[in-house]
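Each remark here refers to the structure printed beneath this line.
The values are calculated or read from the model by the stated rules, or taken from the named source; none is laboratory data. Note that the structure is predicted; figures quoted are calculated from it, not measured. Here Cβ is always computed from backbone atoms with ideal geometry, including for glycine, and neighbour counts include all displayed protein chains.
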Amino acid sequence: MDLTYNLAPYLPSWTILILLLPWIALYIVLLPPHKRRFSLGKRFVMPRGPSGQMLLGNLPSWLRARRERATNPWLAKQARYGELTTLSMGSRTWVLVNTSRMINEILAKQTKSTHDRPWLPIAGGLVSRDLRPFLKRAADWKDGRRLVHHLLMGPRSKDHENIIEDTSLGLLRTYLDEPGAWYLHNYRYAVAIMYKIVTNSPLDKSRSELNDLQEVTRTFLEAISNTFVEFFPHLTLLPKLLQFWRPRWEAVGTFHYNVFKHWWAGMKPLAKRDEEPSFLDTVMGEFNATDEEAMYLTMAVIVAGSDNTRITMNSGIGICLAYPTAIQIARDELDKVCGAISLRLPRLDDLPNLPYMCAVVKEVLRWRPVSPLLPPRLLTDDIEVEGYRFPAGTEFLVNMIAVGRHGRDDPTEFKPERWFDVNNNEERARGDAGITQGLWQYAFAAGKRSCVGYKLAQKEIFLGYARLFYCFNFFPVGQFVSGQLETPTIGEPFPIKVAVRSPAHERLIREESERCTFWGQE
Ligand code: HEM
């Protein structure tokens with residue numbers, strides 16, 4: 001039989017199929033996990049979410065929101081699908097976690113499967129050279145995290161209270177002497193505390209060195225989940241010559257490396273192993289790592305502990321302008337504890353007697369979350385939660401805008417009172433009316449990848465606010481727009497005038513700040 005003859009009419013269809021096959025395979029490879037594995041026969045039940053474009057999914061809408069600096073309204077809108085929202089983001093599956101209940105169900109209760117990070121080719125690869133602990137895979141970050149946890153939560157964390165009290169004297173003094181640079185003082189306050197905790201030495205960095213460090217964080221945040229390649233990591237398999245995005249992000253990575261190198265060179269001589277060892281001593285001594293890994297770990301701790309605190313300090317000052325009545329209530333409370341005529345500065349041990357001040361801290365973190373969208377947590381096994389079946393490879397991202405608003409009256413208003421009004425027994429049992437507990441789910445996430453510095457952060461923000469509100473008045477210069485608070489700018493986030501409350505307050509600051517040792521030289 002002449003086969004060639006018989007097959008001839010079918011040849012065009014075979015040829016088309018053979019030509020299409022690689023494209024079909026590529027299409028499947030590029031699909032996000034919840035679609036790819038479904039197409040291979042497994043059935044997953046995902047939460048609802050908006051429809052998107054073929055292959056790109058919801059990516060264009062996210063990238064547009066970022067470009068237009070409209071991520072907060074975008075995130076608020078995604079919560080209309082319920083407690084969880086599924087988004088197809090190129091080759092990645094995002095599930096937004098929109099309530100604190102779901103943070104608990106997924107990130108806390110399923111922490112074994114949800115404490116990893118996906119590989120991010122731009123933010124983690126080119127910009128961080130795969131060395132930034134914050135984005136490392138769980139296995140590579142385990143030892144470093146244990147060390148940082150010990151530093152921040154271990155028995156010596158009680159000493160941090162002295163460091164905060166001492167450094168906040170420098171904050172008051174510089175607000176007095178150079179009120180126009182208030183936002184720079186907020187940053188120095190946060191960095192000086194971290195520097196002292198890490199190196200056991202006062203901060204010896206100039207303003208321009210601090211600016212460089214801020215620029216590192218700004219450009220890092222700009223890199224994360226903000227480019228096409230980040231959502232189609234397979235593109236990094238292309239020959240390097242075709243990777244047109246590389247030079248731009250490599251340059252950012254080099255800048256970060258150089259800034260870290262400069263700080264590291266200044267720090268290394270501070271290690272002295274004869275006294276009680278500092279974190280720096282441990283990292284340089286016992287930590288089984290290369291010099292570069294030790295450098296990235298140490299700098300990551302300083303950076304992670306500084307920028308979030310700085311932004312929260314700035315937001316607190318913004319509250320003085322946007323909600324002066326709330327600040328007046330906080331100040332009346334402070335005056336009762338520390339005196340309105342014969343004065344003393346607020347201290348950390350005043351915390352139990354300043355419940356309104358605690359509520360202000362928590363409400364700032366709810367009202368203006370530092371990171372509206374938390375970094376992705378990678379699911380490492382298939383899991384089931386409340387009827388949903390999620391495939392490994394799904395990424396959970398906490399939507400802080402939605403979490404802060406869910407189930408709250410007037411959620412866009414700043415109302416510290418809401419923290420006294422906790423009518424949910426479970427929340428009350430967790431201690432949501434205080435400051436030391438309960439806040440973690442609103443600002444610091446949960447599970448094995450949650451914020452290691454949350455106790456320190458609560459204390460430094462509490463004392464920073466308490467001392468500033470007690471000693472200074474803040475006035476808007478021109479029209480104050482509270483939306484401006486959303487810009488994590490390095491410069492002045494909004495124009496204000498700072499004035500000391502009275503000559504008695506000025507005297508108090510001058511006397512007390514003589515004792516300040518950790519603020520360091522600019
Ligand atoms: C207002 C202040 C702060 C806020 C709102 C904040 C919030 C957060 C959040 C949301 C995360 C990510 C958790 C996740 O991936 O689910 C995080 C991680 C982290 N935070 Fe904080 N943080 C603050 C201050 C601090 C301070 C003072 C330190 C001290 C060093 C610190 C150290 C860290 C570290 C090391 C991580 C990485 C955790 C990991 O990937 O395992 N943070 N923080």
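Mind listing just one residue for me: the one in segment 104-124 that is under 18 Å from Phe232 (Cβ atoms) and small (Gly, Ala, Ser) and, of those, surrounded by the most Cβ atoms within 10 Å (Cβ to Cβ)?
Ala123
Out of (1) among the charged types (D, E, K, R); (2) at pLDDT 95 or above; (3) farther than 30 Å from Trp94 by Cα, the odd one out for Glu286 is which?
Every listed condition holds for Glu286 apart from (2).
I'm checking my understanding of the structure. Among residues of segment 283-319 that are among the polar types (S, T, N, Q) and within 15 Å of the ligand (Cβ to nearest atom), which one is farthest from Arg368 (Cα to Cα)?
Thr298
Go through segment 220-252 and give me each residue that's over 29 Å from Pro33 (Cα atoms) and either polar (S, T, N, Q) or crowded, with 18+ Cβ neighbours inside 10 Å (or both).
Val252
For segment 1-42: of the residues being more than 30 Å from Trp74 (Cβ to Cβ) and not in a helix (DSSP H, G or I), which is modelled with the highest pLDDT?
Lys42
Which one of Phe396, Phe390 is of a type outside the set (Lys, Arg), away from the ligand (no atom under 15 Å from the Cβ) and under 30 Å from Val29 (Cα atoms)?
Numbers: Phe396 fails: away from the ligand (no atom under 15 Å from the Cβ).
Just a single option satisfies the conditions, and that option is Phe390.
Which residue pairs have Cβ atoms under 7 Å apart, sit 6 or more places apart or on different chains, and have a first residue in segment 438-459 that is on the phi > 0 side of the Ramachandran plot and near the ligand (Cβ under 9 Å from one of its atoms) and a second that is modelled with pLDDT of 85 or more and not in a helix (DSSP H, G or I)?
Close Cβ pairs satisfying both conditions: Ala445/Leu374; Ala445/Val398; Ala445/Cys451; Gly447/Thr111; Gly447/Thr114; Gly447/His115.
Just to be sure before I move on: is Glu384 free of Cβ contacts under 8 Å to residues at least 60 places away in the same chain and within 15 Å of the ligand (Cβ to nearest atom) in the structure I sent?
Considered against the rule, which asks whether it is free of Cβ contacts under 8 Å to residues at least 60 places away in the same chain and within 15 Å of the ligand (Cβ to nearest atom), Glu384 comes out as no.
Assuming Asn72 fulfils every condition listed in (1) modelled with pLDDT of 90 or more; (2) in a loop (DSSP other than H, G, I, E, B); (3) more than 25 Å from Gly393 (Cα to Cα); (4) not basic (Lys, Arg) apart from one, which condition is it?
Result: Asn72 passes all but (2).
The conditions are (1) in contact (Cβ under 8 Å) with a residue 12 or more places away in the chain; (2) more than 19 Å from Pro133 (Cα to Cα); (3) over 22 Å from the mean Cα position of the chain (by Cα), and Val283 fails exactly one of them. Which is it?
(2)
Can you tell me which residue among Val252, Val259, Val229 is touching a Pro at 6+ places or on another chain (Cβ under 9 Å) and either without any contact (Cβ under 8 Å) to a residue 12 or more places away in the chain or more than 28 Å from Asn162 (Cα to Cα) (or both)?
When all the criteria are applied, what remains is Val229.
Collect the residues in segment 94-127 that are under 17 Å from Ala304 (Cα atoms) and under 16 Å from the mean Cα position of the chain (by Cα), keeping them in residue-number order.
Arg117, Ala123, Gly124
So if I check each of Tyr465, Tyr470, which one is more than 18 Å from the chain's Cα centre (by Cα) and either of a type in the set (Asp, Glu) or within 16 Å of the ligand (Cβ to nearest atom) (or both)? Spell out the reasoning first.
Values: Tyr470 fails: either of a type in the set (Asp, Glu) or within 16 Å of the ligand (Cβ to nearest atom) (or both).
Testing whether each residue is more than 18 Å from the chain's Cα centre (by Cα) and either of a type in the set (Asp, Glu) or within 16 Å of the ligand (Cβ to nearest atom) (or both) leaves just Tyr465.
Return a yes/no flag: does segment 335-355 have any residue that is within 16 Å of the ligand (Cβ to nearest atom) and either part of a helix (DSSP H, G or I) or not hydrophobic (A, V, I, L, M, F, W, C) (or both).
yes
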